[in-house]
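Right, one structure below, let's go through it.
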Amino acid sequence: MSIRFDDQVAIVTGAGGGLGREYALALAARGARVVVNDLGGSRDGGGHSDAARAAVAEIEAAGGEAMADGGDVSDYAQMQAMVAAAVERWGAVHILINNAGVLRDKSFAKMEPADFEFVVRVHLLGSAFATKACWEQFRQQNYGRVLMTSSSSGLFGNFGQANYGAAKLGIAGLARTLSLEGAKNDIRVNTIAPTAGTRMTEGLFPDAMFDAFSPDKVAPAALFLVSKDAPTGQIVGAGAGVFQSSAITLTPGV
Ligand code: ADP
């Protein structure tokens, strides 16, 4: 099955590296015009994070269309400006993948209120703000596909990640509610829950299992979840989800 996204505009947040970059490249390779968002600069072409600009250059070199956006997902006004820039250039936005994220792992005993606020703000509020910024456009055109990024750390818990786990389970709840409210306008909202991060789990899993978490393995599931024929309101595990439910992944240094 080869899913195409011709004539569609997609926004991927946190797409300077890792999973987000993989999503952006895969969408562009299948015909989408892609906004590559990552923190780190102005929207005027002169301060985007190097990583986002590099991803855009890679897409363009392959014959695709993309633009970099340096907006902070936790700033609603910046998300509104990002969506406005995409609509101005390409006339619409059809797909949003909320992927931006940060970690501030600490045992709960050592976790400060600021550690909670920062991580919850970027993940949970960032996902809500970016989605809200697209919502009216989706409603007006009676079409929208949103992918939220949860995590096995949210669904099952993980040491050192009280802040992240809380945000990630919250994201699943946000997605479920939006799938209900969006249904009448064909706005479909799903959640992908990759098994705990890639780099931090290196060495903790057998090689074959570790390989199952790599971005190129997760991207196909994500593409289906933002496609025309996507389901809605689903939470899809990606990676060794069942194993993870009973596993402890210790983050070094917490
Ligand atoms: P993954 O592999 O899951 O994509 P990464 O840590 O590699 O994980 O990617 C998360 C991305 O999100 C990073 O490129 C980071 O710069 C970006 N990011 C972090 N905070 C924000 C934010 N507030 N707004 C936009 N992007 C952000």
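The values are calculated or read from the model by the stated rules, or taken from the named source; none is laboratory data. Here the structure is a predicted model, which means the values were calculated and not measured. Here the Cβ is made from the backbone with ideal geometry for all residues, glycine too, and neighbour counts use every protein chain on show. For accessibility, only protein heavy atoms count, side chains too; no ligands or nucleic acids. Shrake-Rupley method; radii C 1.70, N 1.55, O 1.52, S 1.80 Å.
Label sites at Ala109 and Ala221, each approximated as a point 7 angstrom past Cα along Cα to Cβ, lie 3.4 nm apart. Residues whose amide H comes within less than 5 Å of that of Ala32, counting only those at least five positions distant or on another chain, are Phe5 (H built at 1.01 Å from N in the peptide plane). Rg then Dmax, both in Å and based on the Cα atoms of the stretch 70-117: 15.8, 49. Charged side chains reduced to their Cβ positions (Lys and Arg at +1, Asp and Glu at -1) give the stretch 89-191 a dipole of some 200 debye around its Cα centre. Surface exposure of the stretch 95-170, expressed per residue as accessible area with a 1.4 Å probe, stands at 41 Å². Residue-wise HN-Hα couplings along the stretch 167-184, as the Karplus relation 6.51 cos²θ - 1.76 cosθ + 1.60 with θ = phi - 60° gives them from phi, are 5, 6, 6, x, 4, 5, x, 4, 4, 4, 5, 5, 5, 6, 5, x, 4, 5 Hz; Gly and Pro carry x. Label positions at Phe118 and Arg139, each projected 7 Å from the Cα along the C-beta direction, are separated by 3.5 nm.
Once the Cα-Cα distance is subtracted from the 0.36 nm per residue extended length, the Ala92 to Ala183 segment shows a gain of 30.9 nm.
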